[in-house]
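Engineer: I'd like to ask you about the structure that follows.
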């Protein structure tokens with residue numbers, strides 16, 4: 001693939017959960033959204049301008065690196081497309097066993113449902 005086809009938007013550091021402390025905050029008291037492919041844990045902070053994403057794609061559930069990498073790329077792309085609707089959220093996405101058998105369209109659809117659920121769960125002022 002040539003360089004010109006690669007997205008300029010990427011997945012910069014400021015939209016990632018980077019430290020163990022960031023992950024701990026989300027795991028402490030999360031809002032949950034689950035289906036047969038993913039469990040999305042979220043924590044809302046009204047002061048936060050951006051949504052941030054953390055991934056937990058366990059080797060235990062997805063053995064082959066090529067499958068784990070495909071799922072992570074898919075998660076990042078779906079998040080990138082929807083992050084303007086998720087402002088204020090820190091998110092951790094966990095995968096479930098058997099996810100590697102699902103096609104990309106199915107996984108995108110599943111994630112879109114999670115993002116919509118979370119968007120509706122935003123506390124009002």
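What follows draws every value from the coordinates through simple rules; no lab data is involved. Bear in mind the structure is a predicted one, so any value in this text is a computation, not a measurement. Positions of Cβ are generated from backbone atoms using ideal geometry, with glycine treated the same way; all protein chains shown enter the neighbour counts.
Engineer: Where does each of 39, 106 land when they are ranked from fewest to most other beta-carbon atoms within 10 angstrom?
Structural biologist: Least crowded to most crowded, the residues run 106, 39.
Engineer: Another question, then. Suppose we keep just the alpha-carbon trace of the chain; what are its Rg and Dmax in angstrom?
Structural biologist: 14.4, 47
Engineer: Give, in nm to one decimal, the length gained when the segment between residue 70 and residue 106 is fully stretched (0.36 nm per residue of separation minus the Cα-Cα distance).
Structural biologist: Fully extending the segment from residue 70 to residue 106 adds 11.6 nm.
Engineer: Tell me, 49, 77 in order of fewest to most beta-carbon neighbours within 10 Å?
Structural biologist: 49, 77
Engineer: Out of the DSSP beta bridges found with both residues in the chain, what percent are antiparallel (nearest 5)?
Structural biologist: DSSP beta bridges in the chain are roughly 65 percent antiparallel.
Engineer: Okay, next question. Fewest to most neighbouring Cβ within 10 Å: what's the order for 66, 93, 122?
Structural biologist: Sorted ascending by nearby Cβ count, the order is 66, 122, 93.
Engineer: Over segment 76-125, what portion of Cα pair distances is larger than 15 Å, expressed as a whole percent?
Structural biologist: So the pairs more than 15 Å apart make up 49 percent of the total in segment 76-125.
Engineer: Right, another one. Pop the C-beta distance of residue 46 and residue 24 into the FRET formula with R0 = 22 Å and round what comes out to the nearest 0.05.
Structural biologist: With a Förster radius of 22 Å, E is 0.65.
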